[in-house]
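**Q** Let me give you the structure first, and then I'll get to my questions.
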Amino acid sequence: MRARVLVSVAVAATIALGATGCEFLSPSRTQEIRQITDGVDVSTGTIDVRNALLISDSGKDARFIGTLVNTGNDERTVTLEVDGVDQTVVVPANDTTVLADDGQHDTVDFDDVSAKPGSLVKMYFSYDGAEGASATVPVLTSAQEQYETLAPTPTPTSTPTAPSNSGTQPTGDATAPGTQSGSQSDSSEGDSGTN
């Protein structure tokens, strides 16, 4: 009887040790960094770019949405580049600049870039004195409720128009320039007054 109890205790101890060993070897969930936003994060020097994404409905114009955090003691002029088009943003020292068209923040728009909705676009972030960093940024549309007011307004383009022929010749009851209707005499008859 005593042998059976010892065997049972030994088996229970082995099972308990085996179960704790599995937990001991598995990584802790609190040490894993998970991206829970739509955008991506990237850092260069003292500038941290958080939740970076592009909003585009046309695929040709895009608005950058994100937050630039300056952890340094100097103001930074950060260059954002998409498809060869550059825009700059000034980020004060030890401060945060939020870029979103929500009535409270500035916007950064890119015209004539390739930003097909649903694609991933390479962006480059840099400033003087830092190496710079690139990130593959998602392109979303304003169809999603949280982004419905954030799409850029397309820049109006001027359309050349053909010269108009109107106004070169009088039509209808219009009077040719230099003539008046009424009781004046025709100038071809000469002046009736003295010189």
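**Q** Select, from Ser43, Ser28, the only residue that is surrounded by fewer than 10 Cβ atoms within 10 Å (Cβ to Cβ) and either among the polar types (S, T, N, Q) or at pLDDT 90 or above (or both). Walk me through how you get there before you give the answer.
**A** On the way: Ser43 fails: surrounded by fewer than 10 Cβ atoms within 10 Å (Cβ to Cβ).
One residue alone meets the criteria, Ser28.
**Q** Within segment 38-75, count every residue that is more than 12 Å from the chain's Cα centre (by Cα) and either within 19 Å of Ser142 (Cα to Cα) or in a loop (DSSP other than H, G, I, E, B) (or both). Even if it seems obvious, please write down each step before you answer.
**A** Filtering segment 38-75 down to residues more than 12 Å from the chain's Cα centre (by Cα) leaves 38, 40-50, 58, 68-75.
Remaining after also requiring either within 19 Å of Ser142 (Cα to Cα) or in a loop (DSSP other than H, G, I, E, B) (or both): 38, 40, 45-46, 58, 71-75.
Going through segment 38-75 one residue at a time, the tally reaches 10.
**Q** Which of the numbered conditions does Arg63 fail, given that it passes all the others? Conditions: (1) at pLDDT below 90; (2) in contact with a Leu (Cβ under 9 Å, 6 or more places away or on another chain).
**A** Among (1) at pLDDT below 90; (2) in contact with a Leu (Cβ under 9 Å, 6 or more places away or on another chain), the lone unmet condition for Arg63 is (1).
Table: residues versus (1) under 13 Å from the mean Cα position of the chain (by Cα); (2) among the β-branched types (Val, Ile, Thr).
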residue: Leu80; (1), (2): yes, no
residue: Asp95; (1), (2): no, no
residue: Val108; (1), (2): yes, yes
residue: Gly118; (1), (2): no, no
residue: Gly129; (1), (2): no, no
residue: Ala133; (1), (2): no, no
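The values are calculated or read from the model by the stated rules, or taken from the named source; none is laboratory data. Model, not experiment: these values are computed from the prediction. Cβ coordinates were reconstructed from backbone atoms using ideal geometry, including for glycine residues, and neighbour counts include every protein chain displayed.
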